[in-house]
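Structure first, then comments.
The values are calculated or read from the model by the stated rules, or taken from the named source; none is laboratory data. Just so it is clear, the structure is predicted and the values come from calculations on it, not from any experiment. Ideal geometry is used to build each Cβ from the backbone, glycine not excepted, and the neighbour counts take in all protein chains shown.
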Ligand SMILES: Nc1ncnc2c1ncn2[C@@H]1O[C@H](COP(=O)(O)OP(=O)(O)OP(=O)(O)O)[C@@H](O)[C@H]1O
Ligand SMILES: [Mg+2]
């Protein structure tokens, strides 16, 4: 998606000059002629950055800035004030109210574009850093809990096994067996948490996506053989795909987790299809389709699943399986994000599930149809 810029200026000529320049630089631009309009457009257009003139009728730039910064929904949108030479004082005022940057008039369009780009870059880095910090904190917490649970869990499991071995009463034996099964389930979860920790960092280097697909197919065939299910695997790979910056090992794990879900979703007999193909000039698609049970766990509704429900499957510990830890897709999502790629899921109860991953190869390596 193109970054969105809201240009706020009452001078129509300025508006046009700025928008044409920014559009040419690859931004999506919306215009507003005063502060009131700017606030409205901030809600509807949801800009990534606002360029704001100071002197405007109805509501001036400072008032609009103040209001943008006082509302939670718009507070984090960077604002660049366009100030006249005589408004030196006002620069200071702009910073006090919370403008991210200012540009003095008369400005060169080149300079405006450059500043916009650098601010957006900085903002993206900040967001990424915040997310990384959040993940690290979460990881530490989960790790701490896992550590505390491990020893008591082993003790419970050990004692339940002894009870099971020495108990004569069939009913009590059954209880002990249930405890053992649940303990094993929790142990699997702890193993998956360890796994999650080890894959957190992706180191990227240029590689061939088809190679990774072939590797994951080998892995999953082994799994299929072990289940005794009748599942066909079909791969349709585009010739000479553009190289992608990837961590081939991690990506193979991500793909394996997705394929594994497909295998689990197919009860006895079915098919899995894997395709790589160019989606558009800048996007390489990797699509996995299965003829499994579909994702909806809602027994009442027969078809369709909302995107909200779908998003949940990427959360940790979200599972519909007794044997599952609910970590497979959490791990895959994390890895795919590290590749700057996007993942989309569609599913229909009883018919199957499609997972689409969109990669963006390096600029020079354009995707050829
Ligand atoms: N292809 C699919 N078909 C049907 N349901 C799916 C599919 N992929 C995911 N799901 C649903 O999403 C849930 C979460 O998947 P995820 O891989 O994260 O965990 P899991 O498979 O339950 O456990 P784990 O992968 O850790 O062993 C699954 O339990 C399942 O309900
Ligand atoms: Mg899984």
Hey, any hits in region 259-276 for a residue that's assigned to a strand (DSSP E or B), within 15 Å of ligand 2 (Cβ to nearest atom), modelled with pLDDT of 90 or more and touching a helix residue (DSSP H, G or I) at 6+ places or on another chain (Cβ under 6 Å)?
-> yes
Picking from 192, 188, the residue that is within 12 Å of ligand 1 (Cβ to nearest atom), in contact (Cβ under 8 Å) with a residue 40 or more places away in the chain, part of a helix (DSSP H, G or I) and surrounded by fewer than 15 Cβ atoms within 10 Å (Cβ to Cβ) would be 188
Can residue 286 be described as at pLDDT 95 or above, buried (at least 18 other Cβ atoms within 10 Å of the Cβ) and within 21 Å of residue 323 (Cα to Cα)?
-> no
Take the residues of region 348-369 that are at pLDDT 90 or above and farther than 21 Å from residue 280 by Cβ: which is farthest from ligand 1 (Cβ to nearest atom)?
-> 351
Single match in 258, 233, 224 (criterion: within 16 Å of ligand 1 (Cβ to nearest atom), without any contact (Cβ under 8 Å) to a residue 40 or more places away in the chain and in the same structural domain as residue 341 (by TED's automatic domain parsing)) | 224
In the list 31, 41, 46, 21, which residue meets the criterion of being within 25 Å of the chain's Cα centre (by Cα) and either in the same structural domain as residue 83 (by TED's automatic domain parsing) or over 19 Å from residue 117 (Cβ atoms) (or both)?
-> 46
Looking across region 319-342 at residues that are within 8 Å of ligand 2 (Cβ to nearest atom) and assigned to a helix (DSSP H, G or I), the single one that is nearest to residue 180 (Cα to Cα) is 328
Which ones in region 69-84 are out of contact with any helix residue (DSSP H, G or I) (no Cβ under 6 Å at 6 or more places or on another chain) and surrounded by 18 or more Cβ atoms within 10 Å (Cβ to Cβ)?
-> 77, 80, 82
Tell me which of these residue 297 doesn't satisfy, since it passes every other one: (1) over 24 Å from residue 142 (Cα atoms); (2) within 16 Å of ligand 2 (Cβ to nearest atom); (3) surrounded by fewer than 20 Cβ atoms within 10 Å (Cβ to Cβ); (4) modelled with pLDDT of 85 or more.
-> (4)
Return yes or no: is residue 119 in contact with a helix residue (DSSP H, G or I) (Cβ under 9 Å, 6 or more places away or on another chain) and at pLDDT 90 or above?
-> no
Single residue of region 243-258 satisfying the filter (surrounded by fewer than 24 Cβ atoms within 10 Å (Cβ to Cβ) and within 12 Å of ligand 2 (Cβ to nearest atom)) that is farthest from residue 352 (Cα to Cα) | 253
Residue check: is residue 130 modelled with pLDDT under 90 and in contact with a strand residue (DSSP E or B) (Cβ under 9 Å, 6 or more places away or on another chain)?
-> no
In this structure, does residue 332 turn out to be modelled with pLDDT of 85 or more, more than 15 Å from the chain's Cα centre (by Cα), assigned by TED's automatic domain parsing to the domain that holds residue 246 and near ligand 1 (Cβ under 9 Å from one of its atoms)?
-> no
Residue 232 is checked against (1) modelled with pLDDT of 95 or more; (2) surrounded by 14 or more Cβ atoms within 10 Å (Cβ to Cβ); (3) outside any helix (DSSP H, G or I); (4) out of contact with any helix residue (DSSP H, G or I) (no Cβ under 6 Å at 6 or more places or on another chain) and fails just one. What number does that condition carry?
-> (2)
